[in-house]
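Written out below as structure tokens is the structure these notes cover.
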Amino acid sequence: MQRVEKAIVVIAKIGVGVSFAVLIGAVLTQVLGRTFGSSPVWTEELTRFAMLFTVAFGAGLALRSGDMVNVDIVCESLPGRWPWRLRLFSAAVTAVLCAILIPAAWRYVSIGALQTSPALGVRMNIIHFSVFALLVGLLLFAALRCVAMIWFDSDGQPHNRMDG
């Protein structure tokens, strides 16, 4: 299980890194273009697309590290096993919600095959895939948390970002 989780984390981190590097490159090109004349039209569109993929790859990592919006003051102050139960419930509901939304997200990706972006000319199913990837990533990380809590005696606490 740790190998699977580690592989998913590595893929997500690479995805975040690559998409963020593209974002930086597009913004830098846009700033330099505006400074020395006019910026290329495609930089604004590429920036938006890179942001979508950064969020798509980063959402699961944020869930794993506890960086998502989290209201745990009340939950963690409850007695006994209640905090553990609520963490399990939260992960399970996240996984179920993602599983319900994945077919609709795939339909959204399919619709994008009929469209292209105005400036870059990229088929929009490639861009729409970011929504599908976000849901799959969240589903995987939420399911891994559930499995770890139920079968591997995990407390369900978020992983520290520096631990890998």
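The values are calculated or read from the model by the stated rules, or taken from the named source; none is laboratory data. Only a predicted model underlies this, so the values are computations on that prediction, with no experimental measurement involved. Methodologically, a virtual Cβ is constructed for each residue, glycine included, from the backbone with ideal geometry; neighbour enumeration extends over all protein chains shown.
For TYR108, only one of the following conditions fails: (1) surrounded by fewer than 13 Cβ atoms within 10 Å (Cβ to Cβ); (2) within 20 Å of MET51 (Cβ to Cβ). What is its number?
Condition not satisfied by TYR108: (1).
Hey, does the range 67-90 have a residue that's hydrophobic (A, V, I, L, M, F, W, C) and in contact (Cβ under 8 Å) with a residue 60 or more places away in the chain?
yes
So, restricting to helices (runs of 4 or more DSSP H) that lie completely within the range 15-117, which ones have at least 2 residues that are out of contact with any helix residue (DSSP H, G or I) (no Cβ under 7 Å at 6 or more places or on another chain) and modelled with pLDDT of 95 or more?
82-112
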